2 protein chains.
Amino acid sequence: MSAEKAPTLLALDWGTTSLRAFLVAVDGTVVERLSAPRGILQVKDGDFAAALEEIAGAWLARHPELPALASGMIGSRQGWREAPYAEAPAGLAELAKGLVSVAGRQGRRLAIVPGVVYRAAAAPPDVMRGEETQMLGALAAAPPAGPTVFVLPGTHSKWAIAEAGRIVWFATFMTGELYAVLKAESILGRLMAGEAEDARSFHRGLARAADASPAAGALLHKLFSARSLALFDELPASGIASYLSGLLIGSELDEALAAVSARLGARPLRVTLIGEAALSRLYLAALAERQIAGHLAEPDATARGLLAIAQAAGLLG
Amino acid sequence: MSAEKAPTLLALDWGTTSLRAFLVAVDGTVVERLSAPRGILQVKDGDFAAALEEIAGAWLARHPELPALASGMIGSRQGWREAPYAEAPAGLAELAKGLVSVAGRQGRRLAIVPGVVYRAAAAPPDVMRGEETQMLGALAAAPPAGPTVFVLPGTHSKWAIAEAGRIVWFATFMTGELYAVLKAESILGRLMAGEAEDARSFHRGLARAADASPAAGALLHKLFSARSLALFDELPASGIASYLSGLLIGSELDEALAAVSARLGARPLRVTLIGEAALSRLYLAALAERQIAGHLAEPDATARGLLAIAQAAGLLG
């Protein structure tokens, strides 16, 4: 059915390692989709126009007048053209105002969504590129009554608060990257047997992270428990990866929830997760242990977000 | 002068990646010393007897009756023979009681010092091997009036409290290993230009670590500031390594000092550092920023510790 709808936008989620493309109908339905390993680091000689033609040329031949809009690292200094960060609070209007435009093949244009920077007094800036579009897409799909807490787990996890359609705060956590480098390179990785698939060890890691007593230390000390527990056979080698995953995700929750509470007070939270399904399930389990309700965002948040930004920018004619 | 004293012990600091050997006089003076890349991971076919002969054979030929004592990973499961961990609190008597003995070439014996395990209710165990000997050596060189706080910075930094000649508490922090894997494998490492030699950026990292406000997050969030500050040219590429070093060492101090205060109360601390000189200076600078007095232990703490343990065990005849 949805394949019969007319596309109104070519939407591109163009990141560091992958490119996803969508033909989107005016109601946000994804009519067709493609993905390819054509992230900005994989594009030969930085010829982004050729990469766009390769991935979406057939669509563009069929729909020569279709406007095109991209979000993600394609707008970074290493991408096609830098789209300077919009300052938070940022919503559809601020992002639409910050679009930059590049020329593709045969006179085609591609607009690029800016990232967002969050600045607070006396703290380093924080940045995102691509996640802002996903969050605004999720808000467009299901407009909330009050503030929304978003979690986008991954290499650099993002936590954010949206109020009245704008991203008012966010923070980045290097959880996924830390897990990856510790697994690949550290003594903990050398002790691991197998992947992170042991639910019991994952929950033990969560529990260790949650111990806030001074004697328990924080992350630098708690990481060593993966080694010492394994040494005394109190943690199976097959559980070390899951234990480390629980320890890191639990630590991220502690850090992020403290910051969120500082902004929103002690009101009950409902967290919206946007991300890969298996990882999102781990976060839902971790949130549930802290009595926090979480749910997955509607799918295709990026396509919906790009449509909403294109509408706000008057790109749809 | 010291070369004229008669040796009373062959002392070996036999770790994972290196072997250091000392001829020690009865007053703790090191008469001769050697070191070699013959850590337990480098000993071919696990033939530790051959490695000992190679490094100390000439000495042993000159002093055939000299007792020999080793500490470090040589007593681990991967070493010559496992010397089961002594339980903390542990001092000279407990370590002497836990010695194991192996047979070298030509009927020679080598005694091996056990490591120490610290167990607290409802927390994972913590372990050390080699550091216990260094600390007891430092205590023997300069017996303190009250409790001593030790810091042994490194790949797996140790903090410990000694009271009345015994190690009563300790904790391990994976600071050095985290620095190494982030430098080698993460986006932070890829952004770095040069080594950690920028004092200003080191102190900025310390200051970021010290921000305990909920909005500041903890390590997982603070790590990303090395990326975001660099992105806006607020941190030079040549300062990223030092900033990360300051952030990690400062975070270790926060974790460790909270645990130490929980044990010792708010009394003024004087911290004794045992470790490599350049790294120890960074820790002294970090402690000084928190108004904590630190000083370096007397040199040759391992040799002194091994002598004291040998005396306690009656090895010196």
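Would you mind checking the tilt of helix B:199-210 against the longest principal axis of the Cα atoms of chain B, expressed as 0 to 90 degrees and rounded to 10?
Here the helix axis deviates by roughly 80 degrees.
Rank by packing, highest mean first: peptides A:66-75, B:23-32, B:249-258, with packing defined as the count of other Cβ atoms within 10 Å averaged across residues.
Top of the packing list down: A:66-75, B:249-258, B:23-32.
Would you work out if chain A is rounded, prolate or oblate? Take a ≥ b ≥ c from the square roots of the eigenvalues of the alpha-carbon gyration tensor; rounded if a/c is under 1.5, else prolate when a/b is larger than b/c, oblate otherwise.
The shape class here is prolate.
What is the helix-to-structure angle for A:219-231, meaning the angle in degrees between its Cα long axis and the longest Cα principal axis of chain A, kept from 0 to 90 and rounded to the nearest 10?
With both axes taken from Cα atoms, the answer is about 60 degrees.
Under a GNM of chain A (C-alpha, springs under 10 Å), which listed residue has the highest mean-square fluctuation: A:197, A:54, A:185?
Per the Cα network of chain A with a 10 Å cutoff, A:185 tops the list.
Which whole number gives the average count of other chain Cβ atoms within 10 Å of the Cβ atoms across peptide B:245-252?
1
When N counts the residues of the stretch A:2-123, how does its alpha-carbon radius of gyration compare numerically with 2.2 N^0.38 Å, as a ratio?
1.10
Which log10 I(q)/I(0) values does the stretch A:169-209 give at q = 0.18 Å⁻¹ under the Debye formula, counting every alpha carbon as one identical point scatterer?
-0.65
Springs between alpha-carbon atoms under 10 Å, Gaussian network over chain A: tell me which of A:226, A:215, A:193 tops the mean-square fluctuations.
Per the Cα network of chain A with a 10 Å cutoff, A:215 tops the list.
Give me a comma-separated list of calculated 3J(HN,Hα) values for the stretch A:70-84, in order, Karplus coefficients 6.51, -1.76, 1.60 applied at θ = phi - 60°, integers in Hz, x for any Gly or Pro.
Each residue's phi maps through the Karplus curve to give 10, 10, x, 5, 4, x, 8, 4, 8, x, 6, 8, 6, 9, x Hz.
Enter the mean number of other protein chain beta carbons within 10 Å of the beta carbon of each residue in A:160-173, as an integer.
2
Take the Cβ-Cβ distance between residue A:281 and residue A:77 as r, set R0 to 35 Å, and report the resulting FRET efficiency rounded to the nearest 0.05.
Working from the Cβ atoms, E equals 0.55.
Which distances, shortest first and in nm, link residue A:180 to the matching position in the other copies, using label points set 7 Å out along Cα to C-beta?
Output for residue A:180: 2.2 nm, nearest copy listed first.
If you look at just the Cα atoms of the stretch A:173-296, how large are its Rg and its Dmax in Å?
Cα only, the stretch A:173-296: 14.5, 43 Å (Rg, Dmax).
Hey, rough spin-label estimate for residue B:215 and residue A:207, points 7 angstrom out along Cα→Cβ, what's it come to in nanometres?
My value for the distance between the label points is 3.6 nm.
What is the angle, in °, between the Cα long axis of helix B:131-141 and the longest principal axis of the Cα atoms in chain B? Nearest 10 is fine, range 0 to 90.
Here the helix axis deviates by roughly 80 degrees.
Could you order peptides B:199-207, B:165-173, A:41-49 by the average number of other Cβ atoms within 10 Å of their residues, highest first?
Descending packing order for the listed peptides: B:165-173, B:199-207, A:41-49.
Compute the projected area of the convex hull of the Cα atoms of the protein assembly as shown, averaged over all viewing directions, and report it in nm² to one decimal place.
Values: hull surface 125.5 nm².
Here the figure is 31.4 nm², rounded to one decimal.
What distance in nm separates the simple spin-label points at residue B:238 and residue A:296, each placed 7 Å from Cα in the Cβ direction?
Those two pseudo-labels are separated by 5.0 nm.
Summarise the partner chain shielding of B:178-188 as one whole number: the mean count of Cβ atoms from other chains within 10 Å of each residue's Cβ. Please report the intermediate quantities before stating the final value.
On the way: counts 7, 0, 3, 11, 6, 1, 3, 7, 7, 6, 3.
Per residue, the average neighbour count from other chains is 5.
Taken together, the values in this text are just the output of simple stated rules run on the coordinates, not laboratory data. Note that the coordinates shown come from a computational prediction; the quantities given were computed from them, not determined experimentally. When we count neighbours, we look across all protein chains shown, and the Cβ atoms used for this are built from the backbone with ideal geometry, even at glycine.
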